[in-house]
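See below for the structure under consideration.
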Amino acid sequence: MADKTKKLGAYDREFLWHPFTQMKEYEETDPIVIEGGEGVYLYDTEGKKYIDGVSSLWVNIHGHKVPEIDRAIKEQVDKLSHSTLLGATNPPAVELAKELIDICPPGLKRVFYSGDGASAVEVALKMSFQYWQHNSKPEKTKFVFLENGYHGDTLGAVSVGGIDLFHSTFKPLLFETYKAPSYYCYRCPLGKEYPSCEIACAKEIENILKAHHDEVCAVILEPYVQAAGGMIVAPEGYLKMIREYCDRYDVLMILDEVATGFGRTGEMFACQHEGVTPDIMVLGKGMTGGYLPLSATITNQKVYDAFLGDYEEFKTFFHGHSYAGNPISCAASLGNLEVFKKYKTLEYLQEKIECFEQELKEFEGLKHVGNVRNKGLMAGIELVEDKETKKPYELSKKMGWKIAEIAIKNEVLIRPLGNVVVLMLPLGIDTVDLKKLMKVTYRAIKEATES
Ligand code: PMP
């Protein structure tokens, strides 16, 4: 091991506390130290390279070291690094807001910036809560959320989070909500089968709204894919049904596109597969192409207008983050959108998605793969101890991690979610690297589960 790796590893173990990481175990390992990136490859301090199979935790879009984004950032640094958006503005923040509105589903009109996904979710929750205060329905204070949903780790986001492993500890700190079943067809929470179920899980949301719409301000969900919940893919038509129910019962619809946004599912935003426009859409992660933190909460005119008034009415949205609309982040985001346009990314993506789906079919034949699901370049491969009974592996067996470790040895970086092997491919991947990644992942699953 190179001296540099040893030294960084030692300091890392001594001084850092890593997110979502059991540090007792971590302290006994030699971490991979990533010091470079180019295209879909990451390079460590030992000179090894890896395909970035989860897009650096779902943020990277076109690859690393993208000339257009690099240039946009460098040019902006020479002009202005930061100035506040509280009562003033800056050119990249304005230009980006305009571009975002151009590509958003029709009807979304206003961009509110924050730094990361969870903050943008908090904004969405607070906006929808306050919206009803200004619309003479102050009793509409509760949210409907989905089991297996994930919206970030701040307390508001955790209140509408549906992953018990992450969220149950904090229950005493959370606000009251209504939980609806997940659109998890492989393990249907209602014990039904698609399509004969007629998407009964969506109808459960209608039932909640029918009974409680007087006290519900919004429904929040991830459109099409519950990502952190295990890459769970919604049946077609689901999203449209939820939109109809929200309209029927006068409740706002918040779509969290933090993971699904920016082409990940094959459309720029997942809700565009079904022509659905939410009242509030949340963006993050891929917004800067995976370069810098930036997120946005985008609302329709109706929501925005509810906050207008004379100063002394105090209808102002009293919320803001220091780095909101940071010009360097916004410049990176403009660079990201420039790449989409210049290289017709979404058009060329379709061929990659077909290739990906073809490759994914192979996995269905593996003895311990119970379910393979994807939307665009997001996929979940669910491992089971017994295919017949769908019995999952005990989490303590860390089967997902065993697979990731084998893949990493073979130059593919992936990170599982429990028993689900997650693939979140950068849109910039070519079919050669895609096939290589799939081969390594297939062999890793086979080796870990069958030997
Ligand atoms: N919403 C969704 C759907 C997410 O997947 C995530 C992060 N995985 C978040 C919100 C939170 O984003 P961040 O980590 O940037 O706070």
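Considering segment 220-255 alone, what residues qualify as being in a loop (DSSP other than H, G, I, E, B) and more than 15 Å from the ligand (Cβ to nearest atom)? Outline the logic, then answer.
Here is the first cut: in segment 220-255, the residues in a loop (DSSP other than H, G, I, E, B) are 222-224, 227-231, 234-237, 249-251.
Hits for segment 220-255 are 235, 236, 237, 249, 250, 251.
For residues that are within 13 Å of the ligand (Cβ to nearest atom) and farther than 16 Å from residue 126 by Cα, tally how many sit in segment 272-282.
Qualifying residue count, segment 272-282: 0.
May I ask you to verify whether residue 258 is assigned to a loop (DSSP other than H, G, I, E, B) and away from the ligand (no atom under 12 Å from the Cβ)? Before you say what the answer is, go through the steps one by one.
On the way: assigned to a loop (DSSP other than H, G, I, E, B): yes; away from the ligand (no atom under 12 Å from the Cβ): no.
It is false that residue 258 is assigned to a loop (DSSP other than H, G, I, E, B) and away from the ligand (no atom under 12 Å from the Cβ).
Given the criterion away from the ligand (no atom under 16 Å from the Cβ) and small (Gly, Ala, Ser), identify the matching residue among 286, 266.
That would be 266, the only listed residue that is away from the ligand (no atom under 16 Å from the Cβ) and small (Gly, Ala, Ser).
Output the residues belonging to segment 406-436 that are more than 17 Å from residue 378 (Cβ to Cβ), open to solvent by 40 Å² or more (accessible area, probe 1.4 Å) and out of contact with any strand residue (DSSP E or B) (no Cβ under 6 Å at 6 or more places or on another chain).
409, 410, 430, 431, 432, 435, 436
What strands (runs of 3 or more DSSP E) lie completely within segment 40-128 and have 2 or more residues being surrounded by 19 or more Cβ atoms within 10 Å (Cβ to Cβ) and away from the ligand (no atom under 16 Å from the Cβ)?
The qualifying strands (runs of 3 or more DSSP E) are 49-52, 108-114.
Please tell me if residue 411 is over 21 Å from residue 263 (Cα atoms) and within 22 Å of the chain's Cα centre (by Cα).
No, not satisfied.
Show the residue pairs that are 6+ apart or on different chains and have beta-carbon atoms under 9 Å apart, the first residue being within segment 353-379 and of a type in the set (S, T, N, Q), the second being open to solvent by 20 Å² or more (accessible area, probe 1.4 Å).
Listed pairs, sorted by first residue: 371/185; 371/186; 371/187; 371/364; 371/390; 374/233; 374/357.
Here is a check on your reading of the model: is residue 213 within 11 Å of the ligand (Cβ to nearest atom), modelled with pLDDT of 95 or more and either polar (S, T, N, Q) or within 22 Å of residue 299 (Cα to Cα) (or both)?
Numbers: within 11 Å of the ligand (Cβ to nearest atom): no; modelled with pLDDT of 95 or more: yes; either polar (S, T, N, Q) or within 22 Å of residue 299 (Cα to Cα) (or both): yes.
Judged against the criteria, residue 213 is not a match.
Just a yes or no: is a residue in segment 383-396 surrounded by 19 or more Cβ atoms within 10 Å (Cβ to Cβ), on the phi < 0 side of the Ramachandran plot and in contact (Cβ under 8 Å) with a residue 40 or more places away in the chain?
Yes, segment 383-396 contains a residue that is surrounded by 19 or more Cβ atoms within 10 Å (Cβ to Cβ), on the phi < 0 side of the Ramachandran plot and in contact (Cβ under 8 Å) with a residue 40 or more places away in the chain.
Restricting to segment 169-216, name every residue that is touching a residue at least 12 places away in the same chain (Cβ under 8 Å), open to solvent by 90 Å² or more (accessible area, probe 1.4 Å) and more than 30 Å from residue 369 (Cα to Cα).
173, 176, 210, 214
Which ones in segment 133-152 are open to solvent by 10 Å² or more (accessible area, probe 1.4 Å), more than 16 Å from the ligand (Cβ to nearest atom) and either out of contact with any helix residue (DSSP H, G or I) (no Cβ under 7 Å at 6 or more places or on another chain) or assigned to a loop (DSSP other than H, G, I, E, B) (or both)?
Of everything in segment 133-152, those that are open to solvent by 10 Å² or more (accessible area, probe 1.4 Å), more than 16 Å from the ligand (Cβ to nearest atom) and either out of contact with any helix residue (DSSP H, G or I) (no Cβ under 7 Å at 6 or more places or on another chain) or assigned to a loop (DSSP other than H, G, I, E, B) (or both) turn out to be 133, 134, 135, 136, 137, 138, 139, 141.
The values are calculated or read from the model by the stated rules, or taken from the named source; none is laboratory data. It should be emphasised that the depicted structure is a prediction, and the values quoted were computed from it without experimental measurement. Positions of Cβ are backbone-derived with ideal geometry, glycine not excepted, and every protein chain shown enters the neighbour counts. With ligands, DNA and RNA removed, areas are computed over all heavy atoms of the protein, side chains included. Shrake-Rupley method; radii C 1.70, N 1.55, O 1.52, S 1.80 Å.
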